[in-house]
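Visitor: Okay, here's the structure, questions in a sec.
The values are calculated or read from the model by the stated rules, or taken from the named source; none is laboratory data. From a predicted model like this one, the values you see are computed outputs, not experimental measurements. Cβ atoms come from the backbone with ideal geometry, glycine included; neighbour counts cover every protein chain shown. SASA here: full protein model, heavy atoms, side chains in, ligands and nucleic acids out. Shrake-Rupley method; radii C 1.70, N 1.55, O 1.52, S 1.80 Å.
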Amino acid sequence: MIHQLTIEPLGQTIEVEEGQTILDAALRAGIWLPHACCHGLCATCKVQVLEGEVDHGEASNFALMDFEREEGKTLACCARLESDVVIEAEIDEEPDAEIIPVRDYAGTVSRLVELTPTIKGVFIMLDEPLHFQAGQYINLEIDGGRLTRAFSLANPPSRATEVELNVRLVPGGEGTTWIHTQLAEGDRIRLSGPYGRFFVRKSAPGDLIFMAGGSGLSSPRSMILDLLEKGDRRNMTLIYGQRRRDELYYHEEFLELARRHSNFRYVPALSEEPTESAWEGFRGFVHEAAKAAFGGDFRGHKAYLCGPPKMIEACIATLMQGRLYERDIYTEKFISAADAQQVRSPLFRTL
């Protein structure tokens, strides 16, 4: 059975298949609805049901309280239609956002590269190119579709046929453990995308700061490569943090980019590198390296943050102390079902 979903204030009506969530149907129709965890826990995708009936699905009672259900609110990532429905959503206009409907793709694992002791580069040769904006992510089917997990695209959009994912092994993580121990070159795999609104606002003035930690380097790398390929002349700085030198991947690539492009600066930071090592770069955390690199004054910049939630919180605080505020800070955090209620910034909404 197919129902009609009308989305206000856009006034657009789309078809929703039986069992399909509001969020999935909207994204596949090229309509952006705010969302984050996709597990029914963070409440970012909360919408108002104006007409019709929905099944709230797996929505947490904390993210969607009983009185909110009675008031007609629901979570788009969990809600499924039981009739034709009209909803009202808060949809921000983004002049730099490309309208790219989410689609399903299939491909073959072409390469597996050990980038660090805990991060693997997964290269997938797709049957057809994936159109996306630098900074977006895909959902990868794990173990034949038994699970899905979100991963940022680490390649620039110009390399649209062989996509790259940087996957960190999460202790106890079922999906990442499967990728690190079971996935092999030559395996067929499926994914969907692109997702997310973490992309460079190219029409906005100001120089750029990219702050990344761990495998959160994926999106900034895609963005930086895309900007440099297209000849963007704004000054851009990448501040990338890891614990030790053997975890600092794509280090030589960024050093070479800094040599070739006068408008690109690379600041690696190590927080747990042994004092007796030969490391001559910054010792400390990403937010500390940023403060040192800019003298604590970030005015006139746009900042793009991607990494562990604690890193992002520390970076937000440092940027705001340095006179950079919400309108100039963009973040991307992948939120699991286990931590969705704990990592949302009290300062402003995560994209």
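Visitor: Can you tell me which residue in the range 272-293 is surrounded by the fewest Cβ atoms within 10 Å (Cβ to Cβ), limited to those that are small (Gly, Ala, Ser) and under 17 Å from residue 306 (Cα atoms)? Give the derivation first.
Guide: Of the range 272-293, the ones small (Gly, Ala, Ser) are 277-278, 281, 284, 289-290, 292-293.
Keeping just the survivors that are under 17 Å from residue 306 (Cα atoms) gives 289-290.
Values: 289: 23, 290: 26.
Filtering first and then ranking leaves 289.
Visitor: Quick check, is residue 77 touching a Pro at 6+ places or on another chain (Cβ under 7 Å) and open to solvent by less than 30 Å² (accessible area, probe 1.4 Å)?
Guide: No.
Visitor: Cβ-Cβ below 8 Å, separation at least six or inter-chain, first residue in the range 249-271 and over 24 Å from residue 165 (Cα atoms), second open to solvent by 30 Å² or more (accessible area, probe 1.4 Å) and basic (Lys, Arg): which pairs?
Guide: Here the result reads 263/233; 263/234; 271/243; 271/283, each pair linking the range 249-271 to a residue that is open to solvent by 30 Å² or more (accessible area, probe 1.4 Å) and basic (Lys, Arg).
Visitor: Could I ask something else about it? If the requirement is being in a helix (DSSP H, G or I) and either at pLDDT below 95 or crowded, with 24+ Cβ neighbours inside 10 Å (or both), which of these qualifies: 215, 203?
Guide: The conditions single out 215.
Visitor: Additional query: Looking at (1) of a type outside the set (D, E, K, R); (2) open to solvent by 20 Å² or more (accessible area, probe 1.4 Å); (3) in a loop (DSSP other than H, G, I, E, B); (4) in contact (Cβ under 8 Å) with a residue 24 or more places away in the chain, find the lone condition where residue 61 falls short.
Guide: Failing condition for residue 61: (4).
Visitor: Considering only residues that are of a type in the set (Gly, Ala, Ser) and in a strand (DSSP E or B), look in the range 123-162 and name the one that is most open to solvent (accessible area, probe 1.4 Å).
Guide: Looking at residues that are of a type in the set (Gly, Ala, Ser) and in a strand (DSSP E or B), I get 150.
Visitor: Also: What strands (runs of 3 or more DSSP E) lie completely within the range 1-57 and have 1 or more residues being touching a His at 6+ places or on another chain (Cβ under 8 Å) and open to solvent by 70 Å² or more (accessible area, probe 1.4 Å)? Give the steps one after another, and end with the answer.
Guide: Numbers: elements: 2-8, 12-17, 46-51.
Where strands (runs of 3 or more DSSP E) fall fully within the range 1-57 and carry at least 1 residues being touching a His at 6+ places or on another chain (Cβ under 8 Å) and open to solvent by 70 Å² or more (accessible area, probe 1.4 Å), they are 12-17.
Visitor: Taking only the range 233-278 into account, find how many residues are farther than 19 Å from residue 215 by Cβ and among the aromatic types (Phe, Trp, Tyr).
Guide: 1
Visitor: From the list 93, 98, 114, which residue is open to solvent by 50 Å² or more (accessible area, probe 1.4 Å), under 24 Å from residue 331 (Cβ atoms), without any contact (Cβ under 8 Å) to a residue 12 or more places away in the chain and not aromatic (Phe, Trp, Tyr)?
Guide: Of 93, 98, 114, the one residue that is open to solvent by 50 Å² or more (accessible area, probe 1.4 Å), under 24 Å from residue 331 (Cβ atoms), without any contact (Cβ under 8 Å) to a residue 12 or more places away in the chain and not aromatic (Phe, Trp, Tyr) is 93.
Visitor: Of all residues in the range 80-90 being closer than 14 Å to residue 8 by Cβ and crowded, with 18+ Cβ neighbours inside 10 Å, which is farthest from the chain's Cα centre (by Cα)?
Guide: Per the criteria, the residue is 85.
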